[in-house]
C-alpha cells in the first residue's frame, strides 16, 4: 500500500498487513462500523475508506435522491471518533451532510457528498482555549490529542470534505471516487499531560486530495 505526501511516496504495505481483516458493506444487512484502530500508521487509511462508503450510504440519505438534480440536506449531525485510548487520546469531528445527484445515466450515477461544519457547536472541545473559532466565525468541528513520545500534540479547528462518487448502477459498486478535504487548524506541540507548558503553537492549512479506484 502506497501513500503519497509532500515528501514523496511511502510504502505502508508492512503496516497494512498488521490490520486484522474486516468487512464494510453498503448492503442493508452489512455494517459500516470502523474496526479497532490499533495500527497507528493505518488510522487515516481506514477512516478515509470508511468515509468513502458512508458518503453514499442510506445512513446519510442516499435513498432520498433519485432524479438527476435532486439535493438532500441531512438534518442530523454526523460525528466521528477515531480515538484509540493509547496513541490518540482524543479524536473527534462533526459535520452535516448534503447529497446531490449530479448525473444519472443507464450505467452510472454520480453523487456529490458535502460534509461541512454545522453552524453551531457540535462537539465539546477538550480544553476551553480550543473553543475560539479558527476560521471565519464557524465553530470548530475537529479536535485531536496524540501522544508523541513523552509529550503530547494537540490539533483543533475547522474541517470540511467533499466526495464525488461514480457508482455502477448494475452492481452498486463504487467505480471511482475522489475526496477534497480541507483543514484549517491550530496546533500545539511538546505539551505536558495536562496539555499545558507546550513548546510551540502555530496555525496551518492542510489540503488532502484522495482517490479511490476500483481495480479488478
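None of the figures in this text is laboratory data; all of them are computed from the coordinates on show. All values derive from a computational prediction rather than experimental measurement. Reconstructed Cβ throughout: ideal geometry from the backbone, glycine too, with neighbour counts over all protein chains shown.
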**OP:** Just rank 151, 193, fewest to most, by other beta-carbon atoms within 10 angstrom.
**Re:** 193, 151
Original post:
Expressed in nm to one decimal, what extension gain is obtained for the pair residue 78 and residue 214 from 0.36 nm per residue of sequence separation less their Cα-Cα distance?
Top reply: 46.3 nm
Original post:
Points 7 angstrom from Cα along the Cβ direction at residue 171 and residue 119: gap in nanometres?
Top reply: 4.2
Subject >> Quotient of Cα Rg and 2.2 N^0.38 Å for the range 96-216, N being how many residues it contains >> reply: 1.37
Original post:
If you line up the Cα atoms of the range 18-71 on their principal axes, what length do they span on each, largest first, in Å?
Top reply: 42, 22, 12
Original post:
Top mean-square fluctuation among 190, 149, 44, Gaussian network model of the chain, C-alpha springs under 10 Å?
Top reply: 149
Original post:
Mind checking Rg over Rh on the chain, alpha carbons, Kirkwood formula for Rh?
Top reply: 0.98
Original post:
So between residue 205 and residue 15, what do we pick up on full extension, going 0.36 nm a residue minus the alpha carbon distance?
Top reply: 65.7 nm
**OP:** Let me have the relative contact order for the range 2-213, percent, based on Cα pairs under 8 Å that are six or more residues apart.
**Re:** 13
**OP:** Could you work out how far helix 43-54 tilts from the main Cα principal axis of the chain, as a 0 to 90 degree angle to the nearest 10?
**Re:** 30
